[in-house]
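First up is the structure itself, then whatever we jot down about it.
The values are calculated or read from the model by the stated rules, or taken from the named source; none is laboratory data. All values derive from a computational prediction rather than experimental measurement. Cβ placement follows ideal geometry from the backbone for every residue including glycine, while neighbour counts extend to all protein chains displayed.
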Amino acid sequence: MTETLPPGEPSSPVAVLRNPTTVAGALLTTISVLLFLGFFMVELAGVTGHENPYLGIVFFITLPALAVAGLLLIPLGAWLERRRQLRGLPPSLRRWPRIDLNHPQTRAILFAIAVLTPVNLLIVSAAAYKGVEAMDSVEFCGATCHEVMEPEYVAYQNGPHARVKCVSCHIGSGAGWFAKSKLSGTRQVFAVLLNTHSRPIPSPVHDLRPARETCAECHWPDQFHGDKIETKHEFAADEANTESVTTLRLRIGGIDAAGKPGGIHWHVAEQNVVEYIALDRERQKIGYVKLTTAGGETREYYSAGVTEAQLAVGERRRMDCVDCHNRPSHIFARSADRAVNEAMAAGAISKDLPFAKREAVAALTVPYPDRATAEREIANRVSAFYRDGYPALWTSRQADISRTVQGVQALHSRNVFPAMKVTFGTHPDNKGHVEFPGCFRCHDEEHKTRDGKVISQDCSTCHEVS
């Protein structure tokens, strides 16, 4: 039979604190504060060794938030308990536990709590640290959703920033970017679970941290000086794989010592402000460009046929590194032809096997259903070509033919992912202007000021060709 009390005031103000909600709030606050203090002392001692964005968020934002939540539960529980007792219901907890140190069992329990509490705190702290350290890893970012992230993960592993952790560019320090990335990550998790994610995964041009907080931490455009020499090897699709070599002298400098434009990185030098309005989400169609020089001079360029209505709804942005280097870490070959040229120049595909260029490109442009099929069919196609067409060569050049087969297979495995609909040229690469518009998005002599001045397409502005 349930005991009831006559309606009225609780027996004492302390009585309303004796309820499960208030006790849970007190425990939550106590544990959170102890964990926070423990990690804070570890940080002061310099034991963690490096700034970890996940770790900082968990211990300096999540734990204080849990402590505050616990504090709020204490008066909430008291209020609910007061209402309960005013209705004549019995107390949620009839009495506090009686602690009598004269009893050996009580002393043993308290001693166990005193010993185990710091041990448990240490275990929880270590588990939390290892948990966020795991989330901080490249493997967590690239391999957790294997099929979905495989193209980006493979490209990253073969790219120039393979030693830079994903979180250094995609999250970094600060609660704002962490929260934004986690909200995006939650949406992506549901998309994967429901199989509604995009194929391919689009370039996250709208969700990246500003390049001045990422790229410019290592690369300083204002300090780029001089020219860079690049040698381009191209091979014809004839029997001799006729080679042609082009030497580019790239003017990559920013602002020279006299304060004048010195090369390509002038666009993002701190002295200039280059703004533009993109008419599409991929930023491939530029409707408007505005230049503000260090001296305060401004010039505005409009693309042919653009309307004020289009500019009003377009994305306005200050130009930075990723407007040209839009695939800095996840680089795919822009075309099968270019990929084979580079592989032949590097010796991964033999350049003195007859028709090696033609056959490699042909093998790479077949739409295979999966990687296993691709590797098998590439090997069969290339081998059959030399076995049937050049039997003497097939016998004497087995090592070169095998190396060529492996080279073509490697190009396919690095650039083509049928399940995610990624192949050569799927993602625009704005560094250059051959396979994609790139530089010519603005340097097309179609962007004009109101008085007729154009953004030049003069090749010598950026490079010399020989």
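Numbers below:
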quantity: Contacts under 8 angstrom Cβ, first residue in region 380-403 being in the same structural domain as Ala363 (by TED's automatic domain parsing), partner exposed (fewer than 12 other Cβ atoms within 10 Å of the Cβ) and of a type in the set (Asp, Glu), 6 or more apart; calculated: Asp400/Asp352
quantity: Only listed residue being closer than 30 Å to Arg249 by Cβ, of a type in the set (Gly, Ala, Ser), in the same structural domain as Leu248 (by TED's automatic domain parsing) and not in a helix (DSSP H, G or I), chosen from Ser456, Ser460; calculated: Ser456
quantity: Subset of region 220-248 (residues that are surrounded by 14 or more Cβ atoms within 10 Å (Cβ to Cβ) and either free of Cβ contacts under 8 Å to residues at least 60 places away in the same chain or over 20 Å from Ala362 (Cα atoms) (or both)); calculated: Pro221, Asp222, Phe224, His225, Asp227, Lys228, Lys232, Leu248
quantity: Single residue of Leu89, Leu93, Leu63 found to be at pLDDT below 70 and either within 30 Å of Ser168 (Cβ to Cβ) or not assigned by TED's automatic domain parsing to the domain that holds His170 (or both); calculated: Leu93
quantity: Filter result (part of a strand (DSSP E or B) and either of a type in the set (Asp, Glu) or at pLDDT 95 or above (or both)) within region 291-317; calculated: Glu300, Tyr301, Tyr302, Glu315
quantity: Odd one out for Asp352, checked against (1) out of contact with any Pro (no Cβ under 8 Å at 6 or more places or on another chain); (2) assigned to a loop (DSSP other than H, G, I, E, B); (3) buried (at least 17 other Cβ atoms within 10 Å of the Cβ); calculated: (3)
quantity: Some residue of region 404-422 being modelled with pLDDT of 95 or more, part of a loop (DSSP other than H, G, I, E, B) and over 30 Å from Thr292 (Cα atoms); calculated: yes
quantity: All positions within region 441-466 that are farther than 20 Å from Glu300 by Cα, touching a residue at least 24 places away in the same chain (Cβ under 8 Å) and of a type outside the set (A, V, I, L, M); calculated: Cys462, His463, Glu464, Ser466
quantity: Residue within region 117-130 that is closer than 30 Å to His330 by Cβ, modelled with pLDDT under 70 and assigned by TED's automatic domain parsing to the domain that holds Leu27 present; calculated: yes
